[in-house]
Amino acid sequence: MENNGKEHSIPVEILDDLSSRFIINVPEEERKDVVRLCFQVELARWFYLDFYCTTDPKNCKQCGMKEFCTHIFQHIPTLNPLVKDLDSVIAQWRDYKLAVPTYGAILLNNDLSQVLLVQSYWAKASWGFPKGKVNEDEDPSHCAIREVLEETGFDISPLMDKNEFIESTVNEQLIRLYIVSGVPQNTVFQPRTRNEIKKVDWFPIADLPSSKKDMTPKVKMGVGPNAFFMVVPFIKRLKRWISDKQQKLTDSTRRRNKSLSDLDPSISKAKKQQQLFTMAIQNEVLESQTNRQHRVANNSPTQRNGRRQDNTKAHSKTGLRRQLFNAEEEKKDKGKQQNQSHTKNLNSTNLYDFRAPSWMNFKFNRQAILQCFN
């Protein structure tokens, strides 16, 4: 595997794939800008490390940016002249990269289930968030608004909160993405830049990969995780942000519903009446069950025999007392015996006078019933 007299440690067929994905489609005038060109080479290197070196480590050896640039510049004939100035090109690109951060936005639909991604003409078959380099003295939020407008044709300024963003340093470059929710899914996106954005489309967040080895998009959409390698560094934190947002919304709704209930006396009164009625019914049922148990216990053979023995003893004691007391006391004693006899008769007939207040207060609406027959 030789090119211009030098051997490649990267297989030629892989260099062909990387070149077609990231380099060859860059317009000729853009290729003259070595800094812009190096950013595309860096994308190709990330892809190579993430998806070739991990799946075939025996044939695909990891390498630094300078070595990788050497492979690419030697492999593409039009870039061969840059090999001799490689150190200067790399230094120029690194200085620019460290000095110029990238700003963009994560666009979400109303229910936070879908995210908008863009596909570049230059990065074939790869999807990412709309973003771009900041201009000199440009505010980060203004840069994000401008880049999203250029790449999608959508103005995020009315929906944007400058305090809601995810920021990360990815391969020595600062990237800040503002989170913009509430974007209508029926929006027609029309990129304003020519030959830069190939496609703009919505993707379910649940189907996007959270790591390089996450095969969810392959199962759900038939697309491997390598198509979203620029999105992967942000997905976990995005899902965390969405979860927190949804939890706050749920808590807010609960508080609002509670406040409305407190403010509306009719709702509060109705609920209280319902609770009181339920408690009254439960108490009535409990009272009825308790009395039924007492009746069963009093009518058992053991209880009846006990009561007979008690009555016999009572009669014996009464006879003895009649011999000891005078006639007037005897008359009082007979009255007590009659009361005891009356109580005994009530117990023996097993009578219990139970009235449920809920039913005693129940009334028919006569007029409403008659109207049903008209």
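Go through the stretch 175-220 and report how many residues are of a type in the set (Ser, Thr, Tyr), within 29 Å of CYS38 (Cα to Cα) and modelled with pLDDT of 90 or more. Result for the stretch 175-220: 1. Being closer than 27 Å to PRO27 by Cα, touching a Lys or Arg at 6+ places or on another chain (Cβ under 8 Å) and in the same structural domain as LYS133 (by TED's automatic domain parsing) is the requirement here; does GLN190 meet it? When the stated conditions are applied, GLN190 does not pass them.
Of the candidates ARG94, ARG21, ARG45, ARG36, the single residue that is among the basic types (Lys, Arg) and either over 21 Å from GLU172 (Cβ atoms) or in contact with a strand residue (DSSP E or B) (Cβ under 8 Å, 6 or more places away or on another chain) (or both) is ARG21. Of all residues in the stretch 34-50, at least one satisfies being touching a Gly at 6+ places or on another chain (Cβ under 9 Å) and either in contact (Cβ under 8 Å) with a residue 60 or more places away in the chain or of a type outside the set (Ser, Thr, Tyr) (or both). Of all the criteria given as (1) more than 36 Å from the chain's Cα centre (by Cα); (2) under 30 Å from LYS199 (Cβ atoms); (3) in a loop (DSSP other than H, G, I, E, B), the one not satisfied by CYS38 is (3). Do you know which of the residues in the stretch 164-174 that are at pLDDT below 95 and out of contact with any Pro (no Cβ under 8 Å at 6 or more places or on another chain) is farthest from VAL200 (Cα to Cα)? Here the answer is GLU172.
Between ASP87, ASP17, the distinction of being over 30 Å from TRP202 (Cα atoms), among the acidic types (Asp, Glu) and out of contact with any Cys (no Cβ under 7 Å at 6 or more places or on another chain) belongs to ASP87 only. For the stretch 50-70, the criterion of being β-branched (Val, Ile, Thr) and buried (at least 16 other Cβ atoms within 10 Å of the Cβ) is met by at least one residue. Among the residues of the stretch 163-220, just one is crowded, with 17+ Cβ neighbours inside 10 Å, among the hydroxyl-bearing types (Ser, Thr, Tyr) and assigned to a strand (DSSP E or B), namely TYR178. Output the residue which, of all residues in the stretch 221-245 that are outside any loop (DSSP other than H, G, I, E, B) and of a type in the set (Gly, Ala, Ser), is nearest to the chain's Cα centre (by Cα). The residue in question is SER243. For the stretch 156-188, name all the residues that are among the polar types (S, T, N, Q), under 18 Å from LYS245 (Cβ atoms) and over 20 Å from the mean Cα position of the chain (by Cα). Listed by number, the list holds a single entry, ASN163.
Any idea which residue in the stretch 87-99 is nearest to LYS245 (Cα to Cα), counting only those that are surrounded by 15 or more Cβ atoms within 10 Å (Cβ to Cβ) and free of Cβ contacts under 8 Å to residues at least 60 places away in the same chain? By that ranking, first place goes to TRP93.
Note on the stretch 44-162: enclosed strands (runs of 3 or more DSSP E) holding 2 or more residues that are at pLDDT below 95 are 114-120, 131-133.
The values are calculated or read from the model by the stated rules, or taken from the named source; none is laboratory data. From a predicted model like this one, the values you see are computed outputs, not experimental measurements. Ideal geometry is used to build each Cβ from the backbone, glycine not excepted, and the neighbour counts take in all protein chains shown.
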